[in-house]
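Participant: Here you go, one structure.
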Amino acid sequence: MQAKKLNVKDKYRLLTRDLDWEFSYEDRKEAFPYEEFEGIKITDWDKWEDPFRLTMDAYWKYQAEKEKKLYAIYDAFAQNNGHLNVSDARYVNALKVFLTAVSPAEFASSNGFAWAGRHYGGAGARVAAQMQSIDELRHYQTQIHAMSHYNKYFDGFEEFPHMHDRVWYMSVVKSFFDDCRSSGPFEYIVAVSFAFEYVLTNLLFVPFMSGAAYNGDMATVTFGFSAQSDEARHMTLGLEIIKFLLEQHEDNVPIVQEWIDKWLWRGYRILAVVAMMMDYMLPQKFMSWKEAWELYFEDAGGALFKDLERYGIKMPDFTETIKNEKDHISHQAWWVFYSHGHAAAFHTWTPTAEELDWLSEKYPDTFDQYYRPRLEAAAELEAKGERFYTAGLPQLCQTCQIPMFFTNVDEGKPTEIVYRESTYNDERFHFCSNECKHIFDREPEKYVHAWLPVHQIFQGNCGGGGLDEVMEYYRMGLGEMNLDYKGSPDEKRWKKWKGVA
Amino acid sequence: MTLEIKTSNIKPIRNTYGHIARRFGDKPASRYQEATYDNAALVNFHYKPLWDPDHDLNDPRRTAIHMEDWYALKDPRQFYYGTYVQNRAQMQEKAEGNFSFFEKRDLGARLSEDVLSKCVRFLLPLRHVEQTANLNNMHCSASTNYCTALAQATKFEAMDRLGNAQYFSRVGLALDGNSGSTLNEAKEFWMTDSAWQGVRALCEKTLTVKDWYETFLAQNLVFDSLLNDLYYRQMDAWLSVNGGQDLLILLDFMSSRLTDSQRWVDSVVKLTAAESDGNKELVQSWISAWRISAQQALEPLASAMLGEEALADAFSALETRLGKIGLGG
Amino acid sequence: MPVKAIRPDYHGEHRDARANFGGAILVYIDWDFHRWFCTPKTFPLPPDMPFGALIEAVIPEGFGQHPQFSEIDWGSVEWTLDHEPFTPDMGRGIEEQGFGHKCILRFSTPGLTENI
Amino acid sequence: MARVQIAFQDNDESRYIVSAIEEDNPDSTIHYEPALIRIENEGSLQINKATVEAHMGREWDVQSIHVNLVTLTGNIDEDDDYFKLAWGGQ
């Protein structure tokens, strides 16, 4: 028999979607029970367009190739004490944020995709989600392995899972992924695949990895770009799921629009940490947060939303606020961590004179007026041996859980806090923005349950009321992984390795 | 600044992460250990799942089984992502060689009608069984999010089974000249042939089980043991003596994968049952119940495919396996 | 719009209900425009605490680190409670004067709005 | 029209792919950034198996693009002999 050539699309269909069948003996809804409660209408799973067509054999082959390269570099990095080649030990603090915040998020995402990949009624979507599930496991584990070497030489990495479940700023990331995972399967995938992966992930990974490259960190560059190669598949899934839902039924359009608005906002809020990392934590700087935002969101995201217009989807209204905030948030976020440096598992510091000038140049409309004076005042106190650590505990936003540091830039008042509030079942709830309030108001039944770290401390659920007890609960101690970089064990070791006094 | 670095200056300040050191001591840890142990979220979840308000997001109470330490159920293969994909990549490379050898030499043309029809009716519908195993293991993976050791191993099993389903599909394509006709025929058997209906009903039933550990036992121990004996021992033997040896090389991936997968399943079940009488009773009662379902489901298939004795033989293989893991009698 | 969940009775616990704070109420306090303190701060306070004690003990603990703090003329401070102008009575308890659980007290210090 | 973009890790294999892209998409812009090569084009961008193979001098499987890919924007259309990115209805 002469074998005909089977094109990729047909072959892939036979190898995935054709595995499914119509149930005769059980109610299919018992096997796929979560498809309807969100109000999404799927009329025909056959209309699903497979966003990429990797079968398992090809998956194993290409992924093994990537892993082999990656671990060869890890081994070489460890054998050659690669950590000595980074630009400065301050840089390693960006990695601490990454491992403690991003890596557990990858595991959460791996789990979410396993759940979604079990529960979609359509085999094509299931397989795509399952592949992403195993990819996310990869990212989680390659990050743990990349950081493993740094953990041996720097403080702040060693208790990452414990901290992920407890520490105040970890709660921001954890609540994001808890929010995704506690949603239904369609909201989950819109949240992670579309809002996070497609629209925002470039802002997380690409600047991070370019930053690592600029700062001599080969291990991170390698895992980052290697992970990004999977990310391209994930972004494609994100776009496909959106188009599929929108094409299935017109009733899905307003639901999807709500989700896009909600999740872009929640994702954007988390990126405040990336903003601060780019502008403050990289000793060798390559691009400001503002520039990255313009390139990867305003430009690329703009093209995407233009493409989605034909389905009736529009760019969220809040993009104007984001535009106004881009001159401020990195400075404000750094100040949050600087002034709470006693309660963070990484070191903070005031920028050098050179770095201050770079910030002035990158943020000509805001830095000298609002932020430089504060940082200079802090440096003066430091010089007097009175390094500033703020007393007490901040107010948090009920939705994004970020300390309420966002200011009224929309009305040109960058030193006035934004206050938004709702009352539900006779209890008051506070928010950092219209969007966080809107998210709460849509589903107060869900958000009243948020585990807000500050309130938990005051309820006595974090080891006790005193700072020492809370630090013990966090396993953070005092003076090793936290406090200022200057005078830290990290700094002392670095100087010793580098032979400087 | 090019000062010489004295290696004595750069001794590590710790050997591994705190949670790994607390478990194994502060010494250099394996990549499996760092990738696996005590790193899943356990407390302080923010929201109740909209789809399951009675449980936390990561919640060991999604099964009736209790374990003092869920990480006791480690993977004897010590697969984390990197070792898993590299292992399977080697296996797929061999499989790829087998398929191209088969296709290049047109070995399909040498198969008798008898072998061919047996293959289409009995072998190819397994792709649907494998897809069920994929979903069942993904259910386990999603439900064991509180313990990476289980979440990853069940995920790897799920992806393996998708791989199996795809390899079975490729067997069909290798036989029908890429037309997909054998796959259509096989699906027709799956949907309507009386020999298959018990199995199909059983597959559909396993997909409705909520307790993930019950799913795990029903799929990976009871059902798989019986099918593995029927296919990778008995059917294998039948093909060998009926001129179907060439076909066997296409099944090589599936049968060689079994060895490591079974070792893992056995180890998990053995340790669970050994943990407490309560666990043991629960495991045994689930096994008994699923044996009865499997008996009824598989009888028509086994008889039609291999004869009257076939299923009894498969059950004695299951007995032997249960005996080895301390659940015999 | 109510939440869409698998069951109509879906509802999370009010994790921060007043009853969970051992008799205290939460009060958020901000010194307006003084972003040396990056956010308003949270204080669990006894509802019968006199306002005067709040000025003497609580506010200095939360905001005393600012270099201008000692320059504050408390007689000319402008207060708002939940964003409405508010004139405190130093001797009366805060709850009596309208402080509820999770209320917001802001104070501004005209003349001391320097930008650090 | 809007720009599509694709980025690869900066390595030897990618260089062949990039030169094939340059040949088939003469209007595209190529940016060399730290450790990555980013290519932008108005509207669409196509990578052809035949061109990549001509540059590499050996067989190249379109799916192996995933090994060196870093990021992309646009809708993907992928087949045995090409990989295409585009905005707008296809």
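The values are calculated or read from the model by the stated rules, or taken from the named source; none is laboratory data. Note that this is a predicted model, so its numbers are computed, not measured. For neighbour counting, all protein chains shown are included, and Cβ atoms are generated from backbone atoms with ideal geometry for every residue, glycine included.
Participant: Filter region A:314-336 down to residues that are at pLDDT below 95 and outside any helix (DSSP H, G or I) and give me whichever is nearest to D:I6 (Cα to Cα).
Facilitator: Only one residue tops the list, namely A:M315.
Participant: Name the one entry in A:A191, A:A227, A:A195, A:A219 that is under 18 Å from the mean Cα position of the chain (by Cα), farther than 20 Å from A:A292 by Cβ and not aromatic (F, W, Y).
Facilitator: On the way: A:A227 fails: farther than 20 Å from A:A292 by Cβ; A:A195 fails: farther than 20 Å from A:A292 by Cβ; A:A219 fails: under 18 Å from the mean Cα position of the chain (by Cα).
Sole residue among the options that is under 18 Å from the mean Cα position of the chain (by Cα), farther than 20 Å from A:A292 by Cβ and not aromatic (F, W, Y): A:A191.
Participant: Next question. Specify which of the listed residues (B:D106, B:D59) is in contact (Cβ under 8 Å) with a residue 60 or more places away in the chain, out of contact with any helix residue (DSSP H, G or I) (no Cβ under 7 Å at 6 or more places or on another chain) and either surrounded by 19 or more Cβ atoms within 10 Å (Cβ to Cβ) or more than 7 Å from chain A (Cβ to nearest Cβ) (or both).
Facilitator: On the way: B:D106 fails: in contact (Cβ under 8 Å) with a residue 60 or more places away in the chain.
Answer to the check: B:D59.
Participant: Among the listed residues A:R374, A:R310, which satisfies the condition of being part of a helix (DSSP H, G or I), without any contact (Cβ under 8 Å) to a residue 60 or more places away in the chain and within 30 Å of A:L478 (Cα to Cα)? Show your work before the answer.
Facilitator: Values: A:R310 fails: within 30 Å of A:L478 (Cα to Cα).
Residue meeting the stated conditions: A:R374.
Participant: Which residue out of B:A40, B:A64 is among the hydrophobic types (A, V, I, L, M, F, W, C), more than 7 Å from every other protein chain (Cβ to nearest Cβ), part of a loop (DSSP other than H, G, I, E, B) and in contact (Cβ under 8 Å) with a residue 24 or more places away in the chain?
Facilitator: On the way: B:A40 fails: more than 7 Å from every other protein chain (Cβ to nearest Cβ).
Exactly one of B:A40, B:A64 is among the hydrophobic types (A, V, I, L, M, F, W, C), more than 7 Å from every other protein chain (Cβ to nearest Cβ), part of a loop (DSSP other than H, G, I, E, B) and in contact (Cβ under 8 Å) with a residue 24 or more places away in the chain, namely B:A64.
Participant: Also, quick follow-up: Among C:D9, C:D16, which is surrounded by fewer than 20 Cβ atoms within 10 Å (Cβ to Cβ) and either within 14 Å of another protein chain (Cβ to nearest Cβ) or farther than 30 Å from A:A450 by Cβ (or both)?
Facilitator: On the way: C:D16 fails: surrounded by fewer than 20 Cβ atoms within 10 Å (Cβ to Cβ).
Step by step, each of C:D9, C:D16 is checked, and only C:D9 is surrounded by fewer than 20 Cβ atoms within 10 Å (Cβ to Cβ) and either within 14 Å of another protein chain (Cβ to nearest Cβ) or farther than 30 Å from A:A450 by Cβ (or both).
Participant: Mind telling me which of the residues B:E281, B:E204 ends up being of a type in the set (D, E) and more than 26 Å from B:R127 (Cβ to Cβ)?
Facilitator: On the way: B:E204 fails: more than 26 Å from B:R127 (Cβ to Cβ).
Within the list B:E281, B:E204, the selection yields B:E281.
Participant: Separate question: If a residue counts only when it is among the hydroxyl-bearing types (S, T, Y) and more than 7 Å from chain C (Cβ to nearest Cβ), which helices (runs of 4 or more DSSP H) contained entirely in region A:413-490 have at least 1 such residues? Steps first, answer last, please.
Facilitator: On the way: elements: A:434-442, A:444-447, A:453-458, A:467-474.
Because the criterion is at least 1 residues that are among the hydroxyl-bearing types (S, T, Y) and more than 7 Å from chain C (Cβ to nearest Cβ), the helices (runs of 4 or more DSSP H) in region A:413-490 that meet it are A:444-447, A:467-474.
Participant: Just to be sure I understand the filter: pairs with C-beta atoms under 7 Å, separated by 6 or more residues or on different chains, first member in region A:179-195 and farther than 16 Å from C:H11 by Cα, second member part of a helix (DSSP H, G or I) and of a type in the set (S, T, Y). Which pairs pass?
Facilitator: That search, which allows pairs on different chains as well, returns A:C180/A:Y188; A:R181/A:Y188; A:V192/A:S109.
Participant: Something else now. Would you check if there is a residue in region D:25-38 being more than 14 Å from chain A (Cβ to nearest Cβ), loosely packed, with under 14 Cβ neighbours inside 10 Å and over 18 Å from A:L295 (Cα atoms)?
Facilitator: Yes, region D:25-38 has at least one match.
Participant: Looking at (1) at pLDDT 95 or above; (2) closer than 30 Å to B:L111 by Cβ, can you tell me which one A:N7 breaks?
Facilitator: (1)
Participant: I've got another one for you. Residue pairs, Cβ under 7 Å, 6 or more apart or interchain, first in region B:167-183 and surrounded by fewer than 24 Cβ atoms within 10 Å (Cβ to Cβ), second assigned to a helix (DSSP H, G or I) and of a type in the set (S, T, Y). List them.
Facilitator: B:D176/B:T182
Participant: May I ask you to list the residues in region A:380-401 that are assigned to a loop (DSSP other than H, G, I, E, B), within 9 Å of another protein chain (Cβ to nearest Cβ) and farther than 18 Å from C:I116 by Cβ? Break it down stepwise before answering.
Facilitator: The initial filter retains those residues of region A:380-401 that are assigned to a loop (DSSP other than H, G, I, E, B), namely A:384-392, A:395, A:397-401.
Next, from what is left, pick out any that are within 9 Å of another protein chain (Cβ to nearest Cβ): A:388-392, A:395, A:398, A:401.
The answer is A:G392, A:Q395, A:Q398, A:Q401.
Participant: So, in region A:163-173, of the ones that are in contact (Cβ under 8 Å) with a residue 60 or more places away in the chain and at the interface with another protein chain (Cβ under 7 Å from one of its Cβ atoms), which residue ends up nearest to A:L264 (Cα to Cα)? Outline the logic, then answer.
Facilitator: Let us first name the residues in region A:163-173 that are in contact (Cβ under 8 Å) with a residue 60 or more places away in the chain, namely A:163-164, A:166-173.
Still in the running and at the interface with another protein chain (Cβ under 7 Å from one of its Cβ atoms): A:164, A:166.
Details: A:H164: 22, A:R166: 25 Å.
Ranking the candidates gives A:H164 first.
Participant: B:F156 fails exactly one of the following numbered conditions: (1) within 13 Å of chain A (Cβ to nearest Cβ); (2) within 28 Å of B:W264 (Cβ to Cβ); (3) free of Cβ contacts under 8 Å to residues at least 24 places away in the same chain; (4) in a helix (DSSP H, G or I). What is the number of that condition?
Facilitator: Just one mismatch for B:F156, condition (3).
Participant: Check whether at least one residue in region A:111-134 is surrounded by 24 or more Cβ atoms within 10 Å (Cβ to Cβ) and farther than 30 Å from A:W21 by Cα, and report yes or no.
Facilitator: Taking every residue of region A:111-134 in turn, none turns out to be surrounded by 24 or more Cβ atoms within 10 Å (Cβ to Cβ) and farther than 30 Å from A:W21 by Cα.
Participant: Here's a follow-up. Against the conditions (1) among the polar types (S, T, N, Q); (2) within 11 Å of chain B (Cβ to nearest Cβ); (3) within 33 Å of the chain's Cα centre (by Cα), where does A:N7 fall short? Just the number, please.
Facilitator: (3)
Participant: If the requirement is being free of Cβ contacts under 8 Å to residues at least 12 places away in the same chain, more than 9 Å from every other protein chain (Cβ to nearest Cβ) and closer than 29 Å to A:G224 by Cβ, which of these qualifies: A:A105, A:A101, A:A76? Break it down stepwise before answering.
Facilitator: Working: A:A105 fails: free of Cβ contacts under 8 Å to residues at least 12 places away in the same chain; A:A101 fails: free of Cβ contacts under 8 Å to residues at least 12 places away in the same chain.
Of the residues listed, the single one that is free of Cβ contacts under 8 Å to residues at least 12 places away in the same chain, more than 9 Å from every other protein chain (Cβ to nearest Cβ) and closer than 29 Å to A:G224 by Cβ is A:A76.
Participant: Restricting to region A:379-395, name every residue that is touching a Pro at 6+ places or on another chain (Cβ under 7 Å) and either acidic (D, E) or without any contact (Cβ under 8 Å) to a residue 60 or more places away in the chain (or both). Full working, then the answer.
Facilitator: Of region A:379-395, the ones touching a Pro at 6+ places or on another chain (Cβ under 7 Å) are A:394-395.
A:Q395 - this is the single residue of region A:379-395 that is touching a Pro at 6+ places or on another chain (Cβ under 7 Å) and either acidic (D, E) or without any contact (Cβ under 8 Å) to a residue 60 or more places away in the chain (or both).
Participant: Right, another one. Please work out if A:F113 is closer than 23 Å to B:V209 by Cα and under 24 Å from the mean Cα position of the chain (by Cα). Let's see the steps before the verdict.
Facilitator: On the way: closer than 23 Å to B:V209 by Cα: yes; under 24 Å from the mean Cα position of the chain (by Cα): yes.
Against the criterion (closer than 23 Å to B:V209 by Cα and under 24 Å from the mean Cα position of the chain (by Cα)), A:F113 qualifies.
Participant: Those residues that are in contact (Cβ under 8 Å) with a residue 24 or more places away in the chain, in contact with a helix residue (DSSP H, G or I) (Cβ under 7 Å, 6 or more places away or on another chain) and surrounded by fewer than 21 Cβ atoms within 10 Å (Cβ to Cβ), I need them from region A:416-441; list them, please.
Facilitator: Selection gives A:Y424 alone.
Participant: Do we have A:K69 as under 20 Å from B:A89 (Cα atoms) and either more than 9 Å from chain B (Cβ to nearest Cβ) or β-branched (V, I, T) (or both) here?
Facilitator: Details: under 20 Å from B:A89 (Cα atoms): yes; either more than 9 Å from chain B (Cβ to nearest Cβ) or β-branched (V, I, T) (or both): yes.
Considered against the rule, which asks whether it is under 20 Å from B:A89 (Cα atoms) and either more than 9 Å from chain B (Cβ to nearest Cβ) or β-branched (V, I, T) (or both), A:K69 comes out as yes.
Participant: List, please: which pairs have Cβ atoms under 7 Å, are six or more places apart or on different chains, and start with a residue in region A:488-501 that is within 19 Å of A:M476 (Cβ to Cβ) and end with one that is at pLDDT below 95?
Facilitator: Listed by first residue and then by second, the contacts come to A:P489/A:E480.
Participant: Would you be able to tell me the number of residues in region A:357-371 that are in contact (Cβ under 8 Å) with a residue 40 or more places away in the chain and over 16 Å from A:Q332 (Cβ atoms)?
Facilitator: Residues in region A:357-371 being in contact (Cβ under 8 Å) with a residue 40 or more places away in the chain and over 16 Å from A:Q332 (Cβ atoms): 1 in total.
Participant: Which condition breaks for A:I322 when tested against (1) free of Cβ contacts under 8 Å to residues at least 40 places away in the same chain; (2) within 27 Å of A:S109 (Cα to Cα)?
Facilitator: (1)
Participant: Among the listed residues B:V43, B:V129, which satisfies the condition of being among the β-branched types (V, I, T) and over 19 Å from the mean Cα position of the chain (by Cα)? Steps first, answer last, please.
Facilitator: Working: B:V129 fails: over 19 Å from the mean Cα position of the chain (by Cα).
That would be B:V43, the only listed residue that is among the β-branched types (V, I, T) and over 19 Å from the mean Cα position of the chain (by Cα).
Participant: Additional query: Identify the single condition in (1) of a type in the set (A, V, I, L, M); (2) more than 24 Å from A:V409 (Cα to Cα); (3) crowded, with 20+ Cβ neighbours inside 10 Å that C:I29 does not satisfy, given that it satisfies every other one.
Facilitator: (2)
Participant: Here are the criteria: (1) free of Cβ contacts under 8 Å to residues at least 40 places away in the same chain; (2) more than 9 Å from chain A (Cβ to nearest Cβ). Tell me which single one B:E93 does not satisfy.
Facilitator: (2)
Participant: So which of B:S267, B:S240, B:S255 ends up being under 25 Å from B:R77 (Cα atoms) and without any contact (Cβ under 8 Å) to a residue 60 or more places away in the chain? It would help to see each step written out before you state the result.
Facilitator: Details: B:S267 fails: without any contact (Cβ under 8 Å) to a residue 60 or more places away in the chain; B:S240 fails: under 25 Å from B:R77 (Cα atoms).
From the options B:S267, B:S240, B:S255, the qualifying one is B:S255.
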